[in-house]
1. Using the Cβ atoms and a cut-off under 11 Å, what net charge is assigned to the surroundings of Ala553, where Lys and Arg are +1 and Asp and Glu are -1?
2. Can you give me the Cα centroid spacing of the stretch 627-674 and the stretch 305-373 in angstrom?
3. Which far-off residues, 5 or more places away or on another chain, put their amide H under 5 Å from the one on Ile406, with H placed in the peptide plane?
4. Mind listing the long-range amide H neighbours of Ser779? Cut-off is under 5 Å, sequence gap 5 or more, other chains count too, H placed in the peptide plane at 1.01 Å from N.
5. Give me a comma-separated list of calculated 3J(HN,Hα) values for the stretch 836-849, in order, Karplus coefficients 6.51, -1.76, 1.60 applied at θ = phi - 60°, integers in Hz, x for any Gly or Pro.
6. How large is the charge dipole for the stretch 323-433, taken about the Cα centre, if only the Cβ atoms of Lys, Arg (+1) and Asp, Glu (-1) carry charge, to the nearest 20 debye?
7. Ratio to report: Rg/Rh of the stretch 367-446, with Cα atoms as the point set and Rh obtained by the Kirkwood method; give two decimals.
8. Just want the answer: with Cβ charges of +1 for Lys and Arg and -1 for Asp and Glu, which residue in Leu778, Ser722, Leu764 is farthest toward the dipole's positive end in the stretch 721-845?
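Derivation of every value follows stated rules applied to the coordinates shown; laboratory data play no part. Owing to the predicted nature of the structure, the values given are computational and were not obtained by experimental measurement. Heads up, the Cβs are rebuilt from the backbone with ideal geometry, glycines too, and the neighbour counts pull from every protein chain shown.
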Amino acid sequence: MSRFFGKSDSETETSESEDEIQVKPPAKTFIALSDDDEETRRVVKSTKDKKFEELQTIITNLKNHKKIKDMSNVLTGNFYRLHLKDFEDLGKAFEKAKKIIEKEGIPRFFIRSLVELEGFVNQHWDDAEGRKLLSKANSKGLTALRQKLKKYNKNFEDKLANYRENPDVVGSEDEKSKGYNIYDSSDEEKNDDDDEIIAPPSKGKQTVADEKAKNEESDSDDMWEQESSSESSSSDEDIRPLNQLTADYFRKKVPLEGEVERKKKEKDEKKKKAKVKIEEESDDEVGEWEKVKPSAAVVERPEIFGKDVEITHDVVRKKLSELVAGRGKKGTDRSMQIDLLIDLRKIAKDHNLGEPLDCKILFCIIASIFDYNPSVAASMKVDMWEKCLFYIKELLKILNDNIGVIIVGEYIGDDAENVIGPNPPYKLRGCMLTTVERMDEEFTLMLQACDAHSTEYIERLRDETTVCKIIEDLERYLKGHSTDDELCRVFLKRIQHLYYKFDPKSFGTGPETLSDPNSSRAVMDRLCKFIYAKDTTDRIRTRAILSHIYHHALHDRFFEARDLMLMSHLQDNIQHSDIPTQILYNRAMVQLGLCAFRQGMIKDAHNCLVDIQSSRRARELLAQGLLPQRQHERTPEQEKKEKRRQIPYHMHINLELLECVYLVSAMLIEIPNMAAHEFDARKRMISKNFHHVLRENEKQTLVGPPENMREHVVAACKAMKSGDWKACYNYIVNEKMNAKVWDLFANSDDVRKMIGLKIQEESLRTYLFSYSYIYESLSLDNLSHMFNLPSSTIHSIVSKMVINDELLAAIDEPSQTVVMHKTEPSLVQSLALQLADKLSQIVEHNERSLDLKITGPSYFNYQPRPQYGAQNAGSYQQRDGQQQNYIGRRQNQRGRDGGVRFQNQ
């Protein structure tokens with residue numbers, strides 16, 4: 001409060017404890033007033049009193065509304081949110097007022113009003129006849145007020161209980177409503193509670209709260225401390241009318257010597273004592289936990305049944321129908337609906353209502369969990385996912401234990417359901433297979449949403465064991481009383497979780513891999529053969545075949561995988577399948593190529609991988625990510641669909657390994673082919689992508705030592721061209737390439753040996769193609785020493801080259817030499833032949849152009865033959881015959897002209 005109204009701060013603070021005080025004259029200004037002026041009186045109220053008066057005003061309105069039974073007005077009064085709503089008009093003063101209430105405690109008149117309102121509502125609620133006479137608005141308001149008041153009163157249960165034990169006397173209601181005794185009298189004994197207030201003394205004395213406020217303000221107001229007068233001055237001296245003031249009243253009073261220092265010391269001692277007290281209290285409270293009560297804004301679950309309701313099958317089913325009817329509606333709280341269904345199941349189990357009803361409730365709980373997230377692209381939350389797994393396992397356990405007793409069918413109607421009665425079988429509407437399939441889709445979505453390099457992905461991947469166990473339990477449940485199509489769907493789910501996993505027990509082609517029934521090969525063989533025999537849909541059979549091929553190739557059974565691919569003829573019509581099946585086909589072909597490479601079948605590996613790698617979109621074709629370069633080609637909807645098709649990270653095929661295998665295979669094929677057709681103008685490229693990599697490397701102005709995988713392969717190609725197989729092998733097989741590529745294979749040592757052998761053989765072929773025209777004969781022993789190969793291998797390679805007309809030579813067995821036939825043209829002769837060939841093409845082109853100008857467009861520029869219909873077939877055949885006759889005459893004439901020119905020469 002400003003010092004304009006009083007002599008000192010202490011006097012002003014003392015006077016604020018009373019409701020009305022006299023206005024004090026200013027300390028620094030003299031105002032001359034006449035004797036006729038009346039004494040001015042002004043009311044000064046604290047913030048606490050203002051807020052409590054607002055509460056009392058609202059309570060007064062509630063009492064008036066209660067007298068006229070206006071329930072709608074009582075409800076719109078927002079009484080159940082008083083401690084929040086009352087401060088909305090005050091704006092920024094809300095937090096300050098909230099602190100005051102927390103500090104001063106809950107007023108007793110507030111608790112009394114809650115008790116009275118609760119009694120009022122219960123009285124009218126129990127009066128059934130009186131409720132019938134209420135209007136529709138009042139009846140609705142009474143119902144809503146009863147529910148919200150019941151929730152709100154839970155925050156003040158202790159206060160309400162204390163008040164009911166010691167209620168206020170009816171005669172003192174008026175005095176208490178004025179604020180003279182507004183605190184909870186039952187709290188006088190609880191002096192150690194921070195949230196309670198000690199009852200104030202009688203009028204004229206300061207309360208404890210006022211003394212606290214006085215100490216705080218006096219500590220913070222240091223600038224007026226020296227000017228304040230003695231606190232022992234009487235009230236008659238301080239409070240006088242303005243016409244009785246003298247000059248001494250306004251004169252500054254000088255403090256005595258040492259009084260200022262004494263007050264400072266007292267103040268410092270008080271602060272130290274308060275600090276020590278706080279530290280002691282905090283030390284005493286260390287390790288103690290205080291239960292925090294929920295605020296009024298927290299929404300609590302309503303009770304499912306009343307206290308006096310008898311729990312029966314009909315009551316539970318009726319309540320279940322009410323809860324299920326709210327599914328999908330706009331105002332339904334999905335989380336609360338799941339919690340209510342869980343509580344309903346607990347109630348049903350506590351009252352032993354039977355397992356059929358428990359299964360029905362479990363179906364509803366699982367369906368509500370699936371509906372919790374309305375977005376198709378978003379994944380399920382972790383807590384909901386754990387609940388989903390738990391309740392599906394519970395449901396499957398009950399169904400497996402009651403096979404033949406509880407029948408679950410997709411086409412069982414609501415009227416045909418039977419969950420009550422002593423005579424089984426019990427019938428329920430539901431589909432366990434669809435539920436498990438939806439769970440598997442949610443599991444894939446969760447893996448797609450996680451970061452593949454985080455611990456969260458590993459935690460979610462651990463759930464795959466549970467998912468596989470659920471699918472196995474479903475297979476055991478469906479056997480014997482389900483159709484073949486349903487079993488094929490279950491088997492396909494098992495295959496999808498098994499085909500990409502490497503099993504050491506199933507590695508290789510030996511018969512022992514089939515003898516173990518628990519090996520993945522035996523399980524895959526059993527599941528896939530059942531689908532081949534029983535499935536009636538092409539999609540399930542196609543996916544089973546591709547998964548089987550992938551599994552064979554992963555375990556180095558190349559011939560089984562290749563034969564299955566060729567016999568199924570999938571490569572002929574796979575483009576008509578759905579996109580997920582096409583992705584699986586690409587994965588199977590890639591794995592087949594890797595298997596062929598590990599087995600040393602370089603051409604087969606190249607043929608399997610060339611289509612994927614030539615497109616330069618291996619990442620997209622294998623569904624392992626989207627290329628950023630093609631973002632402008634996709635609409636947002638297409639991008640969302642492609643993201644949903646992505647394969648989880650643990651199923652990925654290493655793209656760097658794939659590219660390295662393809663480039664090495666192409667190198668072993670292309671380098672000898674380039675050396676054999678070095679001077680051929682019309683040489684055919686086997687791998688365009690490989691030549692593109694070579695051209696990109698040749699464009700570099702400065703070529704340093706290889707760093708990445710591609711540069712290692714290009715450097716190896718250059719070494720192989722010159723016949724240096726050791727340098728080529730060192731570029732392909734080294735520590736860096738082993739860590740990046742070759743160590744990823746299960747049999748990495750065998751793969752490295754195979755690569756070394758293939759490099760030696762193809763380097764030999766390249767050397768013979770490149771330098772055969774220099775030699776007249778070559779010793780097989782020298783070739784064996786140069787390329788570190790046995791003589792039998794050298795003899796075999798050279799013999800094949802001679803038989804295939806790749807090398808014009810002969811092998812002399814007695815001398816063990818290769819005799820070269822000098823029929824191959826030299827470098828100059830090869831260039832002359834190329835020039836002659838190009839000149840003949842140019843001459844022929846010029847003659848055709850000349851003939852077109854002389855004879856006109858009658859022969860060459862006729863209309864094309866129609867694709868359909870044969871009504872003019874005779875005329876077109878006649879024109880074709882005329883054209884052929886003309887071309888033949890021109891060729892004869894050209895031959896005669898050439899002969900004449902030759903004779904003249």
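1. Residues near Ala553 contribute +2 overall.
2. A separation of 49 Å, based on Cα centres.
3. Tyr426
4. Val818
5. Result, rounded to whole Hz: 4, 5, 5, 5, 5, 5, 5, 4, 5, 5, 5, 5, 4, 5.
6. Around 220 debye, computed over the stretch 323-433.
7. Here the Rg-to-Rh quotient is 1.04.
8. Going by the charge dipole, the pick is Ser722.
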